[in-house]
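Values quoted throughout were computed directly from the atomic coordinates according to the rules given, and no laboratory measurement underlies them. It should be emphasised that the depicted structure is a prediction, and the values quoted were computed from it without experimental measurement. Here the Cβ positions follow ideal geometry from the backbone for every residue, glycine too, while neighbour counts run over all protein chains shown.
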Amino acid sequence: MTQSPNFHLETLAVHAGVEPDPQTGAVMTPIYQTSTFAQADVAQHKGYDYSRSDNPTRTALHGALAALEGGTYALAFASGMAAIDTILRLIKPGEHVLSGNDVYGGTFRLFDKVLSAYGIEFTFTDTTDETAVSAAIQPNTKLIWLETPTNPMLRLTDIATMAKLAKKAGVWLGVDNTFASPALQNPLALGADFVVHSTTKYIGGHSDVVGGAIILNDTAVYERLKFLQNAAGAVPGPMDCFLTLRGIKTLAIRMAQHCRNATQIAQFLADHPAVAEVIYPGLESHPQYELAQRQMKGPGGMISFILHGGEAAARLVARDTQLFTLAESLGGVESLIELPAPMTHASVADSPLAIDPGLVRVSVGIENAQDLINDLKNVLNKL
Ligand code: P1T
């Protein structure tokens, strides 16, 4: 497909990065399930020599990811954590990273338990507070890292404001856009230097593949990241790239349904007497409702809530729903429910980032909204 900045997301999701196979005309990108490629002569090949360095199915995925985020370059990884880890390899011992204080538990663990030991300094700050971020920037700061919306508190950071701040300080801004997906928010357009995704989530969309991605515009930094990726080797296999590409085709329509369903469910929860608090960027009660309206094309499919019955009630709800499966992860077509404190965010338990053990997080799928509401109602009415 001729790439055009004028195509809308729905069109890009179906076509971007994908061309009919030059050999056969196959409309779907083939799964080039090969580790290596024949060479005509020593070091003479058709652009591919070894699948850690590159693979045609991965190349197609790179094209799709770059187009979705409106970036020049994309790199696909074996997981979201591998993508984040590769960006952090741009930072040297003695340099400083300013991270949001409400990031995914695994991201916190990587920063605090792994990379700190290699001499990289981290400060965890509330990135919703511009003054706090300004004050936390140090002479050796190289990177500001944030999620918006955050996992699992669904706090929002004004990306454009952070980008201005980062530019003024001469530091990079990295945004983990996993919760919004490229359908709802494009951080590069707002001034971020890197966008990261756990493509395991909305981009893949079917809970059948683990993957990650970095999208960016800077050529020199891209070359360095590509070098690091090949040197360290956390690449996705061809089948994983194919599954992710296949998922991307329906990203736009899935996100629209996730948003519609979650909006109805958040309202239902807010009205239910067993529920003490609902956190959802699409509710006017969200403290950053106005920012959500301005920065996001939709409020997303993730909802967090707290019950009057606290942790005991939360555990019952998570155990007893039928359509909402009790499981980690998010962003798939099926609805999931979990308790971040003992599950996805167990790694922040003993830190200042610890999550209320009574917080319930749901990833609202694309099923019928009323069926999902009935499932929650059945359990909540028993509390
Ligand atoms: O699981 P992986 O593909 O490595 O992605 C890590 C990751 C990065 N960023 C965000 C915002 C994430 O939510 C995740 C993974 N999160 C879960 C598995 C979860 O259930 O929250």
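Values of log10 I(q)/I(0) for the range 251-380 across q = 0.09, 0.16, 0.18 Å⁻¹ run -0.23, -0.77, -0.98, by the Debye formula with one identical scatterer at each alpha carbon and no solvent. Within the listed set Q293, Q370, Q23, the Gaussian network model of the chain (springs between alpha-carbon atoms below 10 Å) gives the highest mean-square fluctuation for Q23.
Label-to-label distance for Q23 and H206 is 2.3 nm, based on points extended 7 Å past Cα in the beta-carbon direction. How far is the Cα center of the range 43-88 from the Cα center of the range 108-127, in Å? A separation of 26 Å, based on Cα centres. The peptide list 261-270, 164-173, 213-222, 110-119, put in order of mean Cβ contacts within 10 Å with the highest first, becomes 261-270, 213-222, 164-173, 110-119.
The listed peptides 10-17, 275-282, ordered by packing as a protection proxy, come out as 275-282, 10-17 (highest mean of other Cβ atoms within 10 Å first). Think of it as helices only: each DSSP H run of n ≥ 4 in the chain is worth -39500 (n - 2.57), and spread over all residues that comes to -10000 deg cm²/dmol at 222 nm.
By the compact-protein rule of thumb, 2.2 N^0.38 Å, the alpha-carbon radius of gyration of the chain corresponds to a ratio of 0.99. Between the beta carbons of H308 and A354, assuming R0 = 22 Å, the FRET efficiency works out to 0.55 to the nearest 0.05.
Quick check on the chain: of the DSSP beta bridges with both residues there, what percent are antiparallel, nearest 5%?
The antiparallel fraction comes to roughly 55 percent.
For the range 63-80, the Karplus equation 6.51 cos²θ - 1.76 cosθ + 1.60, evaluated at θ = phi - 60°, returns couplings of x, 5, 5, 4, 5, 4, 9, x, x, 7, 10, 9, 10, 9, 10, 6, 6, x Hz by residue, with Gly and Pro reported as x. Cross-link check: pairs K168/K297; K92/K142; K142/K167 evaluated at a Cα-Cα cut-off of 20 Å; pairs beyond the cut-off: K168/K297. Excluding same-chain neighbours fewer than eight residues apart, the aspartates and glutamates reachable from K164 by a Cα-Cα span under 16 Å are D129, E130, D193. Among residues other than W172 with Cβ under 14 Å from its Cβ, the summed charge is +3 (Lys and Arg +1, Asp and Glu -1). Where a ≥ b ≥ c are the square roots of the eigenvalues of the C-alpha gyration tensor, would you call the range 181-273 rounded, which needs a/c under 1.5, or, failing that, prolate if a/b is larger than b/c, or oblate? Verdict is prolate for the range 181-273. Which FRET efficiency value, to the nearest 0.05, is calculated for D49 and A160 with the Förster distance at 35 angstrom and r the Cβ-Cβ distance? Approximately 0.25, to the nearest 0.05.
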